[in-house]
1. Ranking request for peptides 38-48, 337-347: highest mean number of other beta-carbon atoms within 10 Å first, then the rest in descending order.
2. Could you work out the local net charge near residue 101, counting Lys and Arg as +1, Asp and Glu as -1, over the other residues with Cβ closer than 11 Å to its Cβ?
3. Tell me, what % of the accessible area of the chain is carbon and sulfur with a 1.4 angstrom probe?
4. Counting only Cα, what are the radius of gyration and maximum Cα-Cα distance Dmax of segment 92-212, in Å?
5. Could you name the lysines whose alpha carbon sits less than 28 Å from that of residue 92, not counting residues in the same chain fewer than 8 places away?
6. Once phi is turned into θ = phi - 60°, what whole-Hz ³J(HN,Hα) does the Karplus curve with 6.51, -1.76 and 1.60 give for every residue of segment 41-56, x standing for Gly and Pro?
7. How compact is the chain by the rule of thumb for globular proteins, expressed as Cα Rg over 2.2 N^0.38 Å?
8. Taking 0.36 nm per residue of sequence separation and subtracting the Cα-Cα distance, how much length would be gained by fully extending the chain between residue 258 and residue 89, in nm to one decimal?
Amino acid sequence: MSRALLTLALLSASCSRETGPAAELRVGEINSLSGVLAAQGTAVHEGVVFAVSEVNRRGGLRGHPVRLFSRDDGGQPDSATNAAHDLAVREKVSALVGGYVDSIVGPVAQVAERERVPYVAASSLDQRLTQRGNPWFFRISRLEPFVEATTAVPLEILPARNVAILYSSTPGASQLARLQKERLEALGVSVSAFESFQTGTPDFLPLLARVRSSGATLVLMDGFFADNLVLLRQIHGPTGPALPVVGAFGMEFPALVSQLGPLAEGAMGAIVWEPGMSLSGDLEGSRAYEAGFEKQFGHPPAPLSMYGYAATRAVLAALEATARPAAVPERDAVRDALRRTDLLLPLERLKFDEQGDPLFYQVGIFRIENGRHVLLYPRGTAVAQPVRPTP
């Protein structure tokens, strides 16, 4: 191609980018709306949708409407990769949001780096994703507060000298289990059972038999919502008296109580936000979110929906900071604006460190009592004392 033709082609490409006061700002979302992680992905998705609807009801951003492009990865990494590429290349979105487990988030982050599009993961813990220095990757959660909160149960809240750790083979859950084990053993607590499983496993009885034979008196469960349902049903079954269970993920879903009823009583789980409670976020904004969400969707928001909302709020703030009345912002400008993020959201005060991790993310522990969540940790905000399960 001659230099003149190349110049003309470049000019045509630049002019094809939609501009003007009505040019839409495009945001791409990838979540698991089907498959074993559908409950979690749908909750995150609803938070994303609400954030975009909220800003469009106010007239958009600097005169630009925001258009959301949603894709279902079905819980499959290959599908997530293809969706991310399609959104970045064909739909030309300005940023990506969403994701629940790192087996999905990781591949999307790789596409984001390759295609140079900012990606704010709604839920991600794999330390390698930020340590490898991907300048296009940001996330709302991080691993260390989960380690501290979950191990606080056997160390402080419900002291135990012998603990079992069951963990999903996903990257974030595997790292969490390893760090839990290291911390507990360093402080004199024996981890006598350390067992992995595939997410969606239909039967925990063999693992529970090994837990019983190990002599463990408390279980740290690093699985997900569907895994918790199976475990809590079977831990009350023929394997012996119920053991205290602390779930890192998915215990906070209201559906867990509605589906398990009395079998959910006494279970403990990690929590950051739920309707009526925020550990470190904006309570006034939280109440507004709850009311608006229920009006739009006809049901209260699941705790995980707030992660989708927070991730999308970060992206929308970056778009607003960089958009101009007659032009859609470039992706590198959006990325740089994300680096400067400092927002007080219902979930947390959101500010990213140099690697894209949130600086002020906190995790608490609740216990299910009479079908309700009662906060046990952090101690300064706890409203109840723990009780061991009755055999």
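The values are calculated or read from the model by the stated rules, or taken from the named source; none is laboratory data. Computed from a prediction, not measured in an experiment: that's the story for all the values here. Here the Cβ is made from the backbone with ideal geometry for all residues, glycine too, and neighbour counts use every protein chain on show. Note: accessible area is taken over every heavy atom of the protein model, side chains too, but ligands, DNA and RNA are not part of it. Shrake-Rupley method; radii C 1.70, N 1.55, O 1.52, S 1.80 Å.
1. Details: 38-48: 24.3, 337-347: 18.9.
The densest-packed peptide leads the list: 38-48, 337-347.
2. Numbers: positive: none; negative: 73, 102, 126.
Taking every Cβ under 11 Å from that of residue 101, the sum is -3.
3. Values: 8310 of 15820 Å².
Exposed carbon and sulfur together represent 52 percent of the surface.
4. 17.0, 54
5. Once the sequence-local lysines are set aside, what remains near residue 92 is 351.
6. For segment 41-56, the Karplus curve yields x, 5, 4, 4, 4, 5, x, 4, 4, 5, 4, 5, 4, 4, 6, 5 Hz.
7. Working: Rg = 22.1 Å, N = 391, 2.2 N^0.38 = 21.3 Å.
For the chain, the normalised Cα radius of gyration is 1.04.
8. Details: separation 169, 0.36 × 169 = 60.84 nm, distance 4.23 nm.
Working it through step by step, the gained length comes to 56.6 nm.
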